[in-house]
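Below: the structure, in structure tokens.
The values are calculated or read from the model by the stated rules, or taken from the named source; none is laboratory data. The model shown is predicted, which means the values in this text are computed figures rather than measured ones. Every residue, glycine among them, receives a Cβ derived from its backbone with ideal geometry; neighbour counts consider all protein chains shown.
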Ligand SMILES: NC(=O)c1ccc[n+]([C@@H]2O[C@H](COP(=O)([O-])OP(=O)(O)OC[C@H]3O[C@@H](n4cnc5c(N)ncnc54)[C@H](O)[C@@H]3O)[C@@H](O)[C@H]2O)c1
């Protein structure tokens, strides 16, 4: 199979779908790899590093899309990219389709077989291709929130760790999954007073054990959310209902009860966001203010630390990427976790939450692949 990797074109996205290390693995499996010139520049890997790993360098993205049987990317395809996808091609990347009807329509019309990293599952009920980016975004959320909390940046001017004799800042984390755990680790590390809310009691038990009493855990009801948001200096939105649009847990009305200059970091913005007042921002202009509350809603947070992120992502995507390259659509048929990753095949939606969110009919994977 010919595996292609174009340069990412989303604003301030510096990660790359294939690192030179991954290219070596595909080549060792007997595949041709075509990488767009400059694709690895953001992680310090130049064309020669890719050549040394066995790749051929393409002059344009157009060449990569035209000549590849499988396209490996990081972010969801942008309009100029989805227009180049075609029916006999596999697209292997993050998609986040539920809140994105336009991209979904584009992918349906292209006929491409689209596998979304974020819906591939594992035996423990986790999302192994989302997890490394969630680890990065969770850790970054506190750095970003702490920066926005500084007075010159519009925040209320609180140092998260406090100092001897002055109370620390308060961090509220809504959703104690992978993002939430890593946000809490960083916040605890900085000395903040941290509360994690979740709907899963087993998960709250686990978090309580992990932090050994160093964080507060709280079952997520409207009342608890209100209290924790009203007292928080930073509120991190980290909920996920896999494949579905994020629930709007913090309403505009609730902002009036919060401290002026508090910071909302909506990590779940890539699924539409869990604050009513969130809209996606970019690293170029990451924050905005609504009713005196600073919002940080960057949809591709790990793009800020591409060296760490690209390697962490490749570690997670390589296994299934090689399966797809080695076995094509049979790899999807034979592996239930990869079947869960399939979102669209030949114009049909195969992922239930995506179909439900956007009003499409859902077709079973086996039926779609057999058609
Ligand atoms: N912005 C970015 O750059 C970026 C990067 C990585 C991940 N993300 C997003 O961050 C979000 C969280 O990802 P994750 O990997 O931590 O998911 P996860 O599945 O590990 O955790 C989600 C948690 O939310 C909890 N939850 C669900 N509904 C809830 C509710 N009503 N109240 C409180 N908790 C609730 C779940 O029980 C679960 O523990 C996702 O939307 C993901 O796409 C964004």
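Using the structure shown, decide if residue 337 is within 16 Å of the ligand (Cβ to nearest atom) and not assigned by TED's automatic domain parsing to the domain that holds residue 77.
The answer is no for residue 337.
Name every residue in region 138-164 that is within 11 Å of the ligand (Cβ to nearest atom) and either in a loop (DSSP other than H, G, I, E, B) or within 20 Å of residue 293 (Cβ to Cβ) (or both), in order of residue number. I'd like the intermediate steps shown before the answer.
So in region 138-164, the residues within 11 Å of the ligand (Cβ to nearest atom) come out as 138-141, 144.
Listed by number, the residues that qualify are 140, 141, 144.
With the requirement that a residue be away from the ligand (no atom under 16 Å from the Cβ) and either surrounded by 21 or more Cβ atoms within 10 Å (Cβ to Cβ) or closer than 22 Å to residue 299 by Cα (or both), what does region 174-192 give you? Break it down into steps so the answer makes sense when it comes.
Kept after step one, since they are away from the ligand (no atom under 16 Å from the Cβ), are these residues of region 174-192: 188-192.
Matches in region 174-192: 192 only.
When the residues of region 262-276 are narrowed to those that are part of a loop (DSSP other than H, G, I, E, B) and under 17 Å from residue 228 (Cβ atoms), which ends up nearest to the ligand (Cβ to nearest atom)?
Among those that are part of a loop (DSSP other than H, G, I, E, B) and under 17 Å from residue 228 (Cβ atoms), it is 274.
More than 18 Å from the chain's Cα centre (by Cα), assigned by TED's automatic domain parsing to the domain that holds residue 25 and modelled with pLDDT of 95 or more, is that true of residue 291?
Considered against the rule, which asks whether it is more than 18 Å from the chain's Cα centre (by Cα), assigned by TED's automatic domain parsing to the domain that holds residue 25 and modelled with pLDDT of 95 or more, residue 291 comes out as no.
Could you give every pair whose Cβ atoms fall below 6 Å, whose first residue belongs to region 181-207 and is over 18 Å from residue 263 (Cα atoms) and in the same structural domain as residue 145 (by TED's automatic domain parsing), and whose second residue is part of a strand (DSSP E or B) and within 14 Å of the ligand (Cβ to nearest atom), counting only separations of at least 6 or pairs across chains?
204/198; 204/217; 207/196; 207/217
Any idea which residue in region 312-334 is nearest to the chain's Cα centre (by Cα), counting only those that are surrounded by fewer than 17 Cβ atoms within 10 Å (Cβ to Cβ) and either within 16 Å of the ligand (Cβ to nearest atom) or in a loop (DSSP other than H, G, I, E, B) (or both)?
Among residues in region 312-334 that are surrounded by fewer than 17 Cβ atoms within 10 Å (Cβ to Cβ) and either within 16 Å of the ligand (Cβ to nearest atom) or in a loop (DSSP other than H, G, I, E, B) (or both), the one nearest to the chain's Cα centre (by Cα) is 315.
Please go through (1) within 14 Å of the ligand (Cβ to nearest atom); (2) farther than 24 Å from residue 124 by Cα; (3) buried (at least 23 other Cβ atoms within 10 Å of the Cβ) for residue 171 and return the number of the only condition it doesn't satisfy.
Looking at each condition in turn, residue 171 falls short on (1).
Output the residues belonging to region 24-39 that are out of contact with any strand residue (DSSP E or B) (no Cβ under 8 Å at 6 or more places or on another chain) and touching a residue at least 40 places away in the same chain (Cβ under 8 Å).
25, 29
Taking the stated definitions as given, is residue 114 more than 16 Å from the ligand (Cβ to nearest atom) and closer than 19 Å to residue 245 by Cα?
Working: more than 16 Å from the ligand (Cβ to nearest atom): yes; closer than 19 Å to residue 245 by Cα: yes.
It is true that residue 114 is more than 16 Å from the ligand (Cβ to nearest atom) and closer than 19 Å to residue 245 by Cα.
Can you say whether residue 135 is modelled with pLDDT under 95 and part of a helix (DSSP H, G or I), as far as the supplied structure shows? Can you show your working first?
Values: modelled with pLDDT under 95: no; part of a helix (DSSP H, G or I): yes.
So residue 135 fails the test.
Take residue 120 and decide whether it is within 16 Å of the ligand (Cβ to nearest atom), in contact (Cβ under 8 Å) with a residue 60 or more places away in the chain and closer than 30 Å to residue 351 by Cα.
Answer is yes for this residue.
Being at pLDDT below 95 and not in a helix (DSSP H, G or I): is that true of residue 14 here? Explain how you work it out, then say what you get.
Details: at pLDDT below 95: yes; not in a helix (DSSP H, G or I): yes.
In short, yes.
Select from region 349-365 the residues that are touching a helix residue (DSSP H, G or I) at 6+ places or on another chain (Cβ under 7 Å) and either farther than 13 Å from residue 104 by Cα or surrounded by fewer than 21 Cβ atoms within 10 Å (Cβ to Cβ) (or both) and list them in ascending order.
Passing the criteria: 358, 361, 362, 365.
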